[in-house]
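Notes follow the structure.
Each reported figure results from applying straightforward, stated rules to the coordinates on display, with no laboratory input. Remember, predicted model here, so these are calculated numbers, not experimental data. Heads up, the Cβs are rebuilt from the backbone with ideal geometry, glycines too, and the neighbour counts pull from every protein chain shown.
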Amino acid sequence: MLSRMIRRCHQIVAGALLLASLAEVPDSAAAPASFAGAMAQAASPAAIADYRRKLKAYQEARAAFEQEAGAYWNAIADKRRIRNAKRRDRQPVSLDDYVLVHPPLYDGPQRPINPEPEEERSPRQRKSIPVVADFLRAAAEQFQFTPQRPRTETDFKRAYASVARAYGLTKEQAVRVYSFETGGNGNHDMQSGLSTSRPGSRAISTAIGYNQLLTTNSVELLAEQGDDLLRALGEKAARSSGPQRAAAERKIAVVKRMVAYARSVPDTWSAHQKLADTPKGWAIHALVLDIDVGPLLQTHKLLTSIIFARNKGYARPLTAAELEMMNLTGDGTGFDMVTMPPVMRERVPTANFFQRRGYERNPVAIRHNTVAKLLAVTNARMDSNSAKPGARELAAAF
């Protein structure tokens, strides 16, 4: 899904990443172990010489590419620093403040297969990504809390629409972002990469829900918007009585403890990210599934981007596609694209808004390689997915 691919890039943008060394470049054409072993036993001097010749050619080509690519991505970083400094000083940003050529892509020879015996390496252990069951278990173990799940998906959509409307989100913004993030038919507990229609599918991130919040999003939102969440929950509790009132007050007590935990570190993405990767952080993420708290978290995720743009002096309402850019790439990076005049959008490559590794792993950003093209494909996907049953049901809930 388009949103999932872009989302993976957003996770990479959040921190500085290093490329793997040449020795670690994966060999996508590696032969099965038994076949490779047989080849190794029969390797002739001519085969070994040919391999070494090809390896030298590969290493030289990669080294030349690395030099070119390194210079390009250093220029991207330099230009980004210049733009940030100009914005801090309220100076206008021009085309000269962007790299206007597209990044180099490696098209040289691939690493050859070694016909000689090599020391066996232990396969890399893939880091396990927690799923909904893990978040629910952590909530029960860490905070003795079970989210209040909706009786039907329609109930959750109605709750979300009610909260989103109350906080000023438009139907177009909420429905089109939902359409893009979930493919137009996602449930409140949909997790990125998992699909009931694809047996054996795996989670590719911790992103859950209508706006695909990550564990770090949930921790950060609780830290920054905890007072408003508790106020909203308190107002709802005040309108209830009996067992419902008691249950609401127990939920408020749990959320207060979660807010305190989320605020136990500095208010930075990196600090929240560390908390999010703990059992208590997983427990906080389970709030996305709660019919009272989940809609508030989903709404605040989009609202923070709107407020960010407004505080920067951007008075025009954000389109759904513009809001999605801020939602996916981060407010600062997304705002850079949103405030760009249309004539500049046609010329500025998308590479200006990515770290190198994120860009090279993102076929969408490579294929739709200008800001105008990226916004256009986002709008097109929103148009298509808005006609699906889940999106139509959310629209009706407004």
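Observations
- Cα-centre dipole for segment 146-210 with unit charges at Cβ (Lys and Arg positive, Asp and Glu negative), debye to 20: 80 debye
- Computed over the chain, relative contact order equals 26 percent, with contacts defined as Cα pairs under 8 Å that lie 6+ residues apart.
- FRET efficiency estimate (nearest 0.05) - Cβ-Cβ, residue 54 to residue 102, R0 22 angstrom: 0.15
- Bridging of residue 251 to lysines at a Cα separation below 28 Å is possible for 157, 236, 274, 280, 301, once same-chain residues fewer than 8 apart are set aside.
- Amide hydrogen proximity for residue 370: with H placed 1.01 Å from N in the peptide plane, the residues at 5 or more positions away or on another chain lying under 5 Å are 350.
- Remark on residue 213: its backbone amide H falls under 5 Å from those of 208, a criterion applied only to residues 5 or more positions apart or on other chains, H modelled at 1.01 Å from N.
- The stretch between residue 126 and residue 140, if pulled fully straight at 0.36 nm per residue, gains 2.4 nm over its current Cα-Cα span.
- Top of 287, 222, 100 by mean-square fluctuation, Gaussian network on the chain, Cα under 10 Å: 100
- Helix 153-166 axis, angle to the chain major axis (alpha carbon atoms, nearest 10°): 80 degrees
- Helix axis angle, 171-182 relative to the chain longest principal axis, alpha carbon, degrees: 40 degrees
- Amide H contacts of residue 194 (H built 1.01 Å from N, in plane; Pro and chain starts excluded): 204 sit under 5 Å, all sequence-distant by 5 or more or on other chains.
- For P(r) over Cα pairs in 20 Å bins from 0, in percent, the candidate list reads (1) 24, 50, 23, 4, 0; (2) 26, 54, 16, 4, 0; (3) 28, 57, 12, 2, 0; the entry that matches the value derived from this model is (1).
- Two-site label geometry, residue 224 and residue 94: point separation in nm, points 7 Å out along Cα→Cβ: 3.3 nm
- For the chain, the longest principal axis of the C-alpha atoms and the axis of helix 132-143 are separated by about 60°.
- Sites residue 149 and residue 314, calculated FRET efficiency, Cβ-Cβ separation with R0 45 Å, nearest 0.05: 0.75
- Computed extension gain for residue 245 through residue 72, at 0.36 nm per residue and net of the alpha carbon distance, reaches 56.3 nm.
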